[in-house]
Amino acid sequence: GSVLDGLTAQPADPLLALIGLFRDDPRPGKIDMGVGVYRDAGGKTPVMAAVKAAEAFLLKDQQTKSYLGPEGDARFAELLTPIAFGEIDRTRLCGVQTPGGTGALRLGAELLARGRAGTRVLVGTPTWPNHVPLMEAAGLQIVPFKHFDVATQTLRFEETLAAIKAATPGDVILLHGCCHNPTGADYTVEQWNILAPLIAERGLLPFVDLAYQGLGNGLDADALGLRAVVAHNPQVLVAYSCDKNFGLYRERVGALFVVSDTAAVIQSNLLALARANWSMPPDHGAAIVRTILDSPELTASWRAELDAMRLRILSVREGAAALDPALATLTQQTGMFSMLPLSPEQIRTLREVHAVYMAGSGRINVAGLTPDAIPAFAAAVAAVR
Ligand code: PMP
């Protein structure tokens, strides 16, 4: 028979099924906190003004769509560098444009597997559900540790330190740079300043996933963890996504950066891996980001709109927390996501009885709440408790 006959059906993405259920729900006050995209106070995921302006400019000004190369838009990566890293010795930095943060994670994982087959990666749980299959598909071995206790809503810092101390030199540790998905539980600056040198002391290789810079405490504040890691460690991988902070989701805009004394050798491997995967990344989204960051006016507009998005997320967190002490922990968490301590039964009742939609894990996208939906959400959660 055909090779393809050996395949078995795979489960659908449960979050995509939730989108369908929500769309088909006729109830007027229905609330969608499932999908992981930013929404404004009107419930829309808008195209940012700076993005529209950059697209208009590109439409008018772009002279060719000829190939760039496996590194993608080099100016894009160059302009992103100070935003992510602040001041950095560029001779120790290499990087390529990738199809989204996902492409950056995958390219980084393949680089690690190429360096040493079966490399172990410490991953704090719960984490973004795609981290594990992505790393495993690249041939890496996942070593889980507990990042966050959902029932008590506490970050397990001691368990993180214990996992680092128990690791073998040469292991990799995956870290969420900011706005942890799905828990919103980020390390404090003090904790980063303990973690970063300990990782170096233990001979581990940090891999920072920075997918939400600017949506937590601000562009610079959200990069302090990454910068502490870079300050203390000789080698660092960074998977960067522009899909959330530029609202470019479907354009798939990201970059993989590697800090190392061997940057030239690493860059040659990144180019070889990129060629074997997608040859070259899609251009349009990165061209938009490059156009914005090359223009002081568009950069100012982007920063202001991003800050307004961040402040709206903060106001939803504060608004919900003020309505019910049981939601008070929302203000200790950062970014779009938190994970509520709800049973599958409670999550189903919230959906079926109260028309409040969230992931089956209890993850909520707080940006899914318009201001007028906050009381309804708080009342629904109180009703199922
Ligand atoms: N890392 C994390 C933690 C994420 O939440 C996401 C997106 N959900 C990504 C990476 C991938 O982002 P992108 O859409 O740019 O591939």
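Listed by first and then second residue, the pairs linking a residue in the stretch 121-136 that is over 19 Å from Gly362 (Cβ atoms) to a residue that is more than 9 Å from the ligand (Cβ to nearest atom) and part of a loop (DSSP other than H, G, I, E, B), with Cβ atoms under 7 Å apart and 6 or more places separating them unless they lie on different chains, are Val121/Leu140; Leu122/Ala167; Leu122/Asp171. Within the stretch 56-71, the presence of a residue that is part of a helix (DSSP H, G or I) and within 19 Å of Ala255 (Cα to Cα) is excluded.
The residue pairs whose first member lies in the stretch 233-252 and is without any contact (Cβ under 8 Å) to a residue 24 or more places away in the chain and over 15 Å from Thr81 (Cβ atoms), whose second member is in a loop (DSSP other than H, G, I, E, B) and near the ligand (Cβ under 9 Å from one of its atoms), and whose beta carbons are closer than 9 Å, counting only pairs six or more residues apart or on different chains, are Arg250/Asp243. Check the stretch 187-196 and report whether any residue there is within 16 Å of the ligand (Cβ to nearest atom) and either closer than 16 Å to Ala104 by Cα or of a type in the set (Asp, Glu) (or both). No, the stretch 187-196 contains no residue that is within 16 Å of the ligand (Cβ to nearest atom) and either closer than 16 Å to Ala104 by Cα or of a type in the set (Asp, Glu) (or both). Annotation: Asp209 fulfils all but one of (1) of a type in the set (Asp, Glu); (2) within 16 Å of the ligand (Cβ to nearest atom); (3) over 17 Å from the mean Cα position of the chain (by Cα); the unmet one is (3).
Residues considered: Gly69, Gly34, Gly86, Gly42. Of these, the only one that is buried (at least 18 other Cβ atoms within 10 Å of the Cβ) and in contact (Cβ under 8 Å) with a residue 24 or more places away in the chain is Gly34. Residues being within 16 Å of the ligand (Cβ to nearest atom) and on the phi > 0 side of the Ramachandran plot: count how many of those fall in the stretch 133-159. Result for the stretch 133-159: 0.
For the stretch 217-264, the set of residues classified as farther than 26 Å from Phe337 by Cα, of a type in the set (Asp, Glu) and either within 16 Å of the ligand (Cβ to nearest atom) or surrounded by 18 or more Cβ atoms within 10 Å (Cβ to Cβ) (or both) is empty. Is the stretch 99-110 home to any residue that is within 13 Å of the chain's Cα centre (by Cα) and within 14 Å of Asn269 (Cα to Cα)? Within the stretch 99-110, one or more residues are within 13 Å of the chain's Cα centre (by Cα) and within 14 Å of Asn269 (Cα to Cα).
Yes/no per residue for (1) within 16 Å of the ligand (Cβ to nearest atom); (2) over 20 Å from the mean Cα position of the chain (by Cα):
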residue	(1), (2)
Leu80	yes, no
Phe85	no, no
Ile88	no, yes
Leu93	no, yes
Arg120	no, yes
His131	yes, no
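On the given criteria, is Ala163 within 26 Å of Ser361 (Cα to Cα), among the hydrophobic types (A, V, I, L, M, F, W, C), away from the ligand (no atom under 16 Å from the Cβ) and in contact (Cβ under 8 Å) with a residue 24 or more places away in the chain? Answer is yes for this residue.
Determine if the stretch 283-293 includes at least one residue that is in contact with a Cys (Cβ under 6 Å, 6 or more places away or on another chain), more than 16 Å from the ligand (Cβ to nearest atom) and more than 28 Å from Ala376 (Cα to Cα). Show your work before the answer.
Just the residues of the stretch 283-293 that are in contact with a Cys (Cβ under 6 Å, 6 or more places away or on another chain), to begin with: 289.
If we keep only those that are more than 16 Å from the ligand (Cβ to nearest atom) too, we end up with none.
No, the conditions are met nowhere in the stretch 283-293.
When you check Asp171 against the structure, is it farther than 19 Å from Arg363 by Cβ, in contact (Cβ under 8 Å) with a residue 12 or more places away in the chain, away from the ligand (no atom under 16 Å from the Cβ) and among the acidic types (Asp, Glu), yes or no? In short, yes. Considering the conditions (1) within 29 Å of Ile266 (Cα to Cα); (2) in contact (Cβ under 8 Å) with a residue 40 or more places away in the chain, Ala117 is excluded by exactly one of them, (2).
Throughout, read-outs are computed from the coordinates displayed, never taken from laboratory work. Everything numeric in this text was worked out from a predicted model, so none of it was measured. Cβ: placed from backbone, ideal geometry, glycine included. Neighbour counts: every protein chain shown.
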